[in-house]
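Below is one structure, written out as structure tokens; the observations come after it.
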Amino acid sequence: MELASERYRAYALDFWGFGESDRRGTQFNITSYVDMVCQFMEKMGIPQANLVGHGMGGVVAIRTARERPEKVIKVMTVATPMHGSVLGGHVKPGTFSKLLGLSNPANVWSKLIRQIPIADPEVQSEIYEDTDSLSEVVVAGVQESLLDTNLHADLATLQSPLLAVYGGKDPIVSADHAAFISDLADQPLQMLVLPKSSHFPFLEQSNTFGRLLTDFLVSQGTPVEIKEEWRRRVTQREYL
């Protein structure tokens, strides 16, 4: 966020049910979040924007670009499930979990997040606090919406350039499930994997991620890449 705001006017949205946004109602799904993004842009007088989304935020960004292409310049997604089946093994707790009372969706996601190493104690505390504060109603609605999502058709007709970034060690969203992106050669799509990152590449390899973001936003249709000089520089700082 800080890096993007150095060159662009940047906004970070809390979807309904998350962060400081309203947690009442039942609007906790991808469709409502797409509408939320569009309404925000209209009320703020933003005719077009680049969208960057992590996890579910990436799903919302892709759907927004597909449904309202005139509003979206480029899309960058991070650790985004391109189809819900990649999450199936994580969000369907077994009988033993139910017996222990650990089967509600909020508990499942809270446990998953705690399995991911986060080096910065302050950031770790903030992420844990945000996850723990989610209500079961919110997580259940989001979970159902994500499991029903399949972005194959969206990507096949996407007009906005897309860069999809994944962590090679992500225990939640495997990069392998999105390999089909490379087969959509006629579309302006690109997928990159940061081999040593987990679910939060922007935290774990912040320098490399920042360069990818800025290069993608200024690119004119050419693929972005992790350049050799980046590798040498960040290796010395133990980022790779």
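Here are a few things to note about the model shown:
- Hey, Leu146 within 16 Å of Lys74 (Cα to Cα) and modelled with pLDDT of 90 or more or not: no
- Scanning region 105-116 turns up one or more residues that are surrounded by fewer than 20 Cβ atoms within 10 Å (Cβ to Cβ) and within 30 Å of Pro223 (Cβ to Cβ).
- Put simply, of Thr26, Thr80 the only residue that is among the β-branched types (Val, Ile, Thr), part of a loop (DSSP other than H, G, I, E, B) and under 23 Å from Lys111 (Cβ atoms) is Thr80.
- Qualifying residue in region 30-48 (condition: surrounded by fewer than 18 Cβ atoms within 10 Å (Cβ to Cβ), out of contact with any Cys (no Cβ under 6 Å at 6 or more places or on another chain), in contact (Cβ under 8 Å) with a residue 40 or more places away in the chain and within 29 Å of Glu144 (Cβ to Cβ)): yes
- Residue check for Asp35: at pLDDT below 95 and out of contact with any Gly (no Cβ under 9 Å at 6 or more places or on another chain): no
- Scanning region 145-191 for residues that are small (Gly, Ala, Ser) and assigned to a loop (DSSP other than H, G, I, E, B) yields Ser160, Gly168, Ser174, Ala185.
- Among the conditions (1) more than 16 Å from the chain's Cα centre (by Cα); (2) β-branched (Val, Ile, Thr); (3) modelled with pLDDT of 90 or more; (4) farther than 23 Å from Arg7 by Cα, the only one that Val138 does not satisfy is (3).
- Of residues in region 113-122 being in a helix (DSSP H, G or I) and more than 17 Å from the chain's Cα centre (by Cα), the one modelled with the highest pLDDT: Pro121
The values are calculated or read from the model by the stated rules, or taken from the named source; none is laboratory data. Small disclaimer: the values here were computed from a predicted structure and weren't measured. No Cβ is skipped: glycine too gets one built from the backbone with ideal geometry, and neighbour counts run over all protein chains shown.
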